[in-house]
Amino acid sequence: MKKARSKIHQSDQGNDDKHAPQRTCVGCRKSLDQDLLVRYVLSPQGEVVVDYRKKLPGRGVYTCFDYECIESAVKRGQLCRSLRGGDRPTASELWQVLHAQAQCRALDLIGMARKAGQVVSGTRQVLTELQCGKEFGLLVRAADLSPTIAEKVDRAANRSNVVCFPVFSKELLGSLLGKSERGVVALKYGSLAVAIQNELERLNKFAGEFNG
Ligand SMILES: [Zn+2]
């Protein structure tokens, strides 16, 4: 997998969107673009809930999309204090919710890209187009591709200088695109490809936290 952008620090990513409002992470106290942070609100039942799409009404509190920040905020009771109530969630509960939300969001966005005609799919089709010099914004390849094919796809992505994420199953990618199975999905350049890459970079963080 190409990891060219995965090391970029969050504070560097907001450069192309200078107008986004700034919010403070209650874990590390850094001020960042609101878009880069996770929002939490108090539900009507008095629970601290993740407001991933930042659409729920009421007072919001923010953390980085980072386990350490969430853990630090939870440990110091910052979420409940800033929200003025609520049961104290555990950091791992919140982290699991975030994992699910990031997955759903990535899948939604791939579905939207398909509807917008921003997708080329199928291992052979994508490899052929890459060989012909076609440029893509992003490749998503199924995590359960056979190692030989996976290597071929990764090499082709590398040669074409396009980021390639191994994620989801062939079946899941296929079902998003109305096919039985799809090994590779290529996204054309554009804002959807950027948004999908952001979610997949978020998803990459989970492997490190629980297995590493
Ligand atoms: Zn933070």
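Only one of the numbered conditions (1) touching a residue at least 60 places away in the same chain (Cβ under 8 Å); (2) of a type in the set (D, E, K, R); (3) touching a helix residue (DSSP H, G or I) at 6+ places or on another chain (Cβ under 8 Å) is violated by ARG141, and that is (1).
Checked against (1) touching a Gly at 6+ places or on another chain (Cβ under 8 Å); (2) modelled with pLDDT under 90, ASP33 passes all but a single condition, namely (2).
State yes or no: is LEU145 modelled with pLDDT of 95 or more and in a helix (DSSP H, G or I)? Against the criterion (modelled with pLDDT of 95 or more and in a helix (DSSP H, G or I)), LEU145 does not qualify.
When segment 42-57 is limited to residues that are in a strand (DSSP E or B) and in contact with a helix residue (DSSP H, G or I) (Cβ under 7 Å, 6 or more places away or on another chain), the one that is nearest to the ligand (Cβ to nearest atom) turns out to be VAL50. Scanning segment 81-106 for residues that are more than 16 Å from the ligand (Cβ to nearest atom) and under 22 Å from the mean Cα position of the chain (by Cα) yields a count of 13.
Under the condition of being in contact with a helix residue (DSSP H, G or I) (Cβ under 6 Å, 6 or more places away or on another chain), not in a helix (DSSP H, G or I) and not small (Gly, Ala, Ser), the residues counted in segment 60-93 number 4. What single numbered condition from (1) touching a helix residue (DSSP H, G or I) at 6+ places or on another chain (Cβ under 9 Å); (2) touching a residue at least 60 places away in the same chain (Cβ under 8 Å); (3) surrounded by fewer than 20 Cβ atoms within 10 Å (Cβ to Cβ) fails to hold for LYS179? Every condition holds for LYS179 apart from (2). Residues in segment 1-10 that are loosely packed, with under 13 Cβ neighbours inside 10 Å, away from the ligand (no atom under 16 Å from the Cβ) and either of a type in the set (A, V, I, L, M, F, W, C) or modelled with pLDDT of 90 or more (or both): ALA4 alone.
A single member of GLN101, GLN96 is assigned to a helix (DSSP H, G or I), touching a strand residue (DSSP E or B) at 6+ places or on another chain (Cβ under 8 Å) and either under 21 Å from SER180 (Cβ atoms) or not small (Gly, Ala, Ser) (or both), and it is GLN101.
Among the residues of segment 44-71, those that are in contact (Cβ under 8 Å) with a residue 12 or more places away in the chain and over 22 Å from the mean Cα position of the chain (by Cα) comprise GLY46, GLU47, PRO57, GLY58, ARG59.
Looking at GLN13, GLN78, which one is modelled with pLDDT under 95, within 16 Å of the ligand (Cβ to nearest atom), surrounded by 12 or more Cβ atoms within 10 Å (Cβ to Cβ) and under 20 Å from the mean Cα position of the chain (by Cα)? Among GLN13, GLN78, only GLN13 is modelled with pLDDT under 95, within 16 Å of the ligand (Cβ to nearest atom), surrounded by 12 or more Cβ atoms within 10 Å (Cβ to Cβ) and under 20 Å from the mean Cα position of the chain (by Cα). Just to be sure before I move on: is SER72 away from the ligand (no atom under 16 Å from the Cβ) and either buried (at least 20 other Cβ atoms within 10 Å of the Cβ) or not assigned by TED's automatic domain parsing to the domain that holds PHE206 (or both) in the structure I sent? Here the answer is no, as SER72 does not meet what is asked. Number of residues in segment 27-36 that are surrounded by 13 or more Cβ atoms within 10 Å (Cβ to Cβ) and either among the aromatic types (Phe, Trp, Tyr) or within 8 Å of the ligand (Cβ to nearest atom) (or both) equals 4.
The values are calculated or read from the model by the stated rules, or taken from the named source; none is laboratory data. Keep in mind the model is a prediction, meaning the values are calculated, not measured. All Cβ positions, glycine included, derive from the backbone under ideal geometry; neighbour counts span all protein chains shown.
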